[in-house]
Amino acid sequence: MCGIVGYLGPAKAAPVLISELRCLEYRGYDSAGVAIIQDGQLSVLKAAGKLGNLEKLISERKPTATVGIGHTRWATHGVPNDQNAHPHLDNSKTIAVVHNGIIENYEEIKEELAKAGYTFESDTDTEVVAHVISQEYEKEQDMLKAIFKAVGRLRGAYALGVVSQKHPDKIYAVNQHYSLSVGLGHNESFLASDSMAVRQYTNKVVRLEQSEVAEITVDGVRLFAFDGKEVKRRPVSLDSNPYVIDKGGYKHFLLKEIHEQPLVLRQTLAKYLVHPTKPVSFIPHITPHGNQPTSPSLPTNNEEDNLLSKSYGVHLTDMELKGIDRIQVVACGTAYHASLIGKQIIEHLCNIPVAVDIASEVRGRRLMVNESSLTIAVSQSGETADTLSALESAKKLGSFTLGITNRPDSHLAQITPNLIVTECGIEVSVAATKTYLAQLTAFYLLGIFLAEKRGSITPEQAKGLKTQLNAVPTLLEQILARESDIRTASLKYADAHDVVFIGRGLNFPTALEGALKLKELSYIHASGYAAGELKHGPIAVLDSKVPVVTIIVPGSVYEKTLSNAQEARARNAQMIAVAVEGDELVAKHFDTVLSIPPVDEFFSPLLTVVPLQLMSYFIADYLGKDVDQPRNLAKSVTVE
Ligand code: G6P
């Protein structure tokens, strides 16, 4: 989704801005632009489409400016074109603004400004911000004061980067329920909505908290609350290993990330599980590995606070854990699917009722949580606006909170004292794969952890579960070794227009996730259903042109799932199964079998999703789709 960057220092700004934007590219965008101040003149270069289009413009103009801001846009107000791309200028063309988020009262403000004679060149909500700052500057003749006044008129959750031709030695930044970091280098400063973008230049970062304005110069940053009071905050050190964004020889990041899953599981398990005979512990006991982007180091006595590490781990007391009588999970997209499986894991192991809600559906509703509830927010990016807002609502109702994320430097990590960090490294492909598996692993570990603390499983049972969990990475490797068979089998269905996925119990969410992966990547319409629901409506769409993918593993719901699949077969649907190897019944009733090694039903969601990820990948690649950055999608969805 949208990304903000900035630079100010001795180097040429444009190439630095581009390389910062490159780091945010994976999040998904549809246009990009920069505003630079060259020889006292503000100039804006922007282009719809990929970053390469903007780079082309820059290489034609060769700007030598040393200060500027940049942006990648994911359209909310106005179609993705050059005009609507950021930065946006005020009418005097002396102030430029880049913006993430939404200005909720922009229509109202636009009307007021239009009456006052202001004109507009775009359909965006952002342009009003440039005009409002400019209007306030006319009165105040001081950028900071103008910004304080301006933010008092804006409603919504947003982040801004601002430059003014009249103050060419400064960049201003505003954070209102968003994420912004200032990177501090030697005689140079950087701005980014994701600290990953500045990490290539410096690991010394000051994060803006809510309702703060930053005045950035080459010497550093001054922070102010919206009421103008100066705020003092020391920089934090980021993990000094830069994020490695590299396809590692694979054709796409997605394929690489699917292949990284055994490693990701091993790393997440190694972090929280010392040995099957020892209790699961969410105070991490190993330090980050290799050059993978991972967690921050543990607290040190360094002069600089390491704020990141403070929120790392689960810090609830045994009494608090025992007192929890209800768990509420909030998440979006793939993380929501992982949470649906998480619910079943925790309920099975701990006898605690667990409710799972799509985070955006929590708005305007009363969450049923209180002081004896635990609310878990699951978000790979830790920046999803709906998820953060749902967690904040639970906090206000007195609930304990816990985050499960892949980004210990995220907004989510800041707003909850309890955090389980998955060990995935950066996930570049927009479609989540390895982070899904890591979230599932986190739920298995959390289920065992809570069950051990509450005594709802015996030490013997706990040992058995941990031993089985530790065996999963090897089973995943066995599936990945069959990749070429999965490709051949999948491509038989590449011309489908509609695909139905069904599963029961723990693998009903797998059906949802399989359908989501296929539609995200290949744009083929796909829907996932509880297998028992097929007959209550979805069966009407079935005929010989519709493939039905059934996730079916031996266990409590095997026979019922097989019966539901038969209902589809009786309507001449093309029958695909994800099933354990050697299952003769499945071989008899299905046209195509994507097989997995034998696995206990309880852990099967960790395996069954993998052939579905590969199937979606191979079909999308065969159809020539933009696998890593599917159309219209964003990796990190920072608007509600
Ligand atoms: C976007 C991504 C999905 C992701 C969802 C939730 O829609 O495209 O892949 O599952 O956001 O993201 P989160 O970072 O909160 O897990």
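Key figures
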{"quantity": "Given (1) away from the ligand (no atom under 16 Å from the Cβ); (2) crowded, with 22+ Cβ neighbours inside 10 Å; (3) assigned by TED's automatic domain parsing to the domain that holds Phe282, index of the condition Gly455 fails", "calculated": "(2)"}
{"quantity": "Residue that is farthest from Glu25 (Cα to Cα), among those in segment 412-434 that are under 11 Å from the mean Cα position of the chain (by Cα) and more than 10 Å from the ligand (Cβ to nearest atom)", "calculated": "Ile426"}
{"quantity": "Given (1) at pLDDT 95 or above; (2) closer than 17 Å to Tyr178 by Cα; (3) surrounded by fewer than 16 Cβ atoms within 10 Å (Cβ to Cβ), index of the condition Ala114 fails", "calculated": "(2)"}
{"quantity": "Pick from segment 392-410, criterion within 13 Å of the ligand (Cβ to nearest atom) and either assigned by TED's automatic domain parsing to the domain that holds Phe603 or open to solvent by less than 10 Å² (accessible area, probe 1.4 Å) (or both), ranking: farthest from the chain's Cα centre (by Cα)", "calculated": "Gly403"}
{"quantity": "Failed item in (1) away from the ligand (no atom under 16 Å from the Cβ); (2) outside any helix (DSSP H, G or I), with Val610 passing the rest", "calculated": "(2)"}
{"quantity": "Any hit, segment 112-120, residues being in the same structural domain as Leu8 (by TED's automatic domain parsing), among the β-branched types (Val, Ile, Thr) and in contact with a Pro (Cβ under 7 Å, 6 or more places away or on another chain)", "calculated": "no"}
{"quantity": "Qualifying residue in segment 441-449 (condition: within 13 Å of the ligand (Cβ to nearest atom), crowded, with 24+ Cβ neighbours inside 10 Å and modelled with pLDDT of 95 or more)", "calculated": "yes"}
{"quantity": "Enumerated strands (runs of 3 or more DSSP E) restricted to segment 307-379, each holding at least 2 residues that are farther than 14 Å from Leu446 by Cα and open to solvent by less than 20 Å² (accessible area, probe 1.4 Å)", "calculated": "326-331, 373-379"}
{"quantity": "Subset of segment 339-387 [in contact (Cβ under 8 Å) with a residue 60 or more places away in the chain, within 11 Å of the ligand (Cβ to nearest atom) and not acidic (Asp, Glu)]", "calculated": "Ser339, Ser360, Val378, Ser381, Thr384, Ala385"}
{"quantity": "Residue in segment 159-174 that is part of a loop (DSSP other than H, G, I, E, B) and among the aliphatic types (A, V, I, L, M) present", "calculated": "no"}
{"quantity": "Residue that is surrounded by the most Cβ atoms within 10 Å (Cβ to Cβ) [pool: residues in segment 37-61 that are basic (Lys, Arg) and modelled with pLDDT of 95 or more]", "calculated": "Lys46"}
{"quantity": "Subset of segment 10-36 (residues that are open to solvent by 10 Å² or more (accessible area, probe 1.4 Å) and away from the ligand (no atom under 16 Å from the Cβ))", "calculated": "Pro10, Ala11, Lys12, Pro15, Val16, Ile18, Ser19, Arg22, Cys23"}
{"quantity": "Helices (runs of 4 or more DSSP H) fully within segment 499-589 counting 3 or more residues that are in contact (Cβ under 8 Å) with a residue 40 or more places away in the chain and of a type in the set (Gly, Ala, Ser)", "calculated": "508-522"}
{"quantity": "Test set (1) under 21 Å from Ser237 (Cα atoms); (2) surrounded by fewer than 19 Cβ atoms within 10 Å (Cβ to Cβ); (3) touching a residue at least 12 places away in the same chain (Cβ under 8 Å) - Val205 fails condition number", "calculated": "(2)"}
{"quantity": "Hits in segment 219-235 - residues which are touching a residue at least 12 places away in the same chain (Cβ under 8 Å) and either open to solvent by 20 Å² or more (accessible area, probe 1.4 Å) or over 24 Å from Val67 (Cα atoms) (or both)", "calculated": "Asp219, Val221, Ala225, Phe226, Asp227, Gly228, Val231, Arg233, Arg234, Pro235"}
{"quantity": "Matching residues in segment 127-163 - criterion: being surrounded by fewer than 21 Cβ atoms within 10 Å (Cβ to Cβ), modelled with pLDDT of 95 or more and small (Gly, Ala, Ser)", "calculated": "Gly152"}
{"quantity": "Test: residue in segment 424-432 that is under 24 Å from Lys322 (Cα atoms) and surrounded by 23 or more Cβ atoms within 10 Å (Cβ to Cβ)", "calculated": "no"}
{"quantity": "Hits in segment 507-543 (condition: over 14 Å from Ala565 (Cβ atoms) and among the aliphatic types (A, V, I, L, M))", "calculated": "Leu512, Ala515, Leu516, Leu518, Leu521, Ile524, Ala526, Ala540, Val541"}
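Quick grid of which residues meet (1) open to solvent by 60 Å² or more (accessible area, probe 1.4 Å); (2) in contact with a helix residue (DSSP H, G or I) (Cβ under 7 Å, 6 or more places away or on another chain):
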position: Pro538; (1), (2): no, no
position: Leu542; (1), (2): no, yes
position: Thr550; (1), (2): no, yes
position: Ala570; (1), (2): yes, no
position: Ala587; (1), (2): yes, no
position: Asp591; (1), (2): yes, no
position: Ser595; (1), (2): no, no
position: Pro598; (1), (2): yes, no
position: Met615; (1), (2): no, yes
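The values are calculated or read from the model by the stated rules, or taken from the named source; none is laboratory data. Model, not experiment: these values are computed from the prediction. Virtual Cβ from ideal backbone geometry, glycine too; neighbours counted across all protein chains shown. Quick note on the areas: whole protein, heavy atoms, side chains included, nothing else; ligands and nucleic acids left out. Shrake-Rupley method; radii C 1.70, N 1.55, O 1.52, S 1.80 Å.
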